[in-house]
1. If each residue's Cβ is checked for other Cβ atoms within 10 Å, how do 78, 172 rank with the fewest at the top?
2. How many nm is it between the label spots at residue 33 and residue 149, if each spot is 7 Å from the Cα in line with the beta carbon?
3. What three numbers, in Å, describe the spread of the alpha carbons of the chain along their principal axes, ordered from the longest?
4. So for the chain, averaging the separation of alpha carbon pairs under 8 Å that are six or more residues apart and normalising by length, what relative contact order in percent results?
5. Mind pulling the angle between the C-alpha long axis of helix 49-61 and the longest principal axis of the chain? Nearest 10 degrees, somewhere in 0 to 90.
6. How large is the helix-only mean residue ellipticity at 222 nm for the chain, computed as the sum of -39500 (n - 2.57) over DSSP H runs with n ≥ 4, divided by its residue count, in deg cm²/dmol to the nearest 500?
7. Compare the peptides 133-141, 19-27 by average per-residue count of other Cβ atoms within 10 angstrom and give them in order, highest first.
8. In degrees, nearest 10, range 0 to 90: what is the angle between the Cα axis of helix 157-173 and the longest Cα principal axis of the chain?
């Protein structure tokens, strides 16, 4: 399968890809997503590795990102609404209700606050924060780079030690 060269547009001077070339670019990107190497893609399409790389890059560049950004914004708004609701539960906790449906009151006749609902709201806020961090990519792994420097101050040290030992032995013999 060979890839046709795109035709140059007369008015703009830019190259216009044919529908077949667009389809080939998409197939190349699909193969890359399946783990194929650029060499394997190049062999499949009968092109150079550089051309295979360009085919995948063109297909990836055509993936619409505006839609994804709009969805991300909507999801962030949902998370904000959920967090606001959970904050309101913490600020104005419900009263405790008995199994019979009556409000539980303390010794002075005041309604007892349902601390379980407050704790559930705190856990809910933590989950919302985790979801927001995932959505924004804040949980990306941290890259750590270490460097080890080895200094060799005296590369001839071993030879000088051997020479000194030999001289000491010679001096002892004399």
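Readers should treat all values here as calculations from the given coordinates under stated rules, not as data from a laboratory. Note that the coordinates shown come from a computational prediction; the quantities given were computed from them, not determined experimentally. In this analysis, Cβ positions are derived from the backbone assuming ideal geometry, glycine residues included, and neighbour counts consider all displayed protein chains.
1. Least to most surrounded, the residues fall as 172, 78.
2. With each label placed 7 Å out from Cα toward Cβ, I get 4.6 nm.
3. Result, largest extent first: 108, 83, 30 Å.
4. 13
5. Approximately 20 degrees, to the nearest ten.
6. -19500 deg cm²/dmol
7. Descending mean neighbour count gives 19-27, 133-141.
8. It works out to around 50 degrees.
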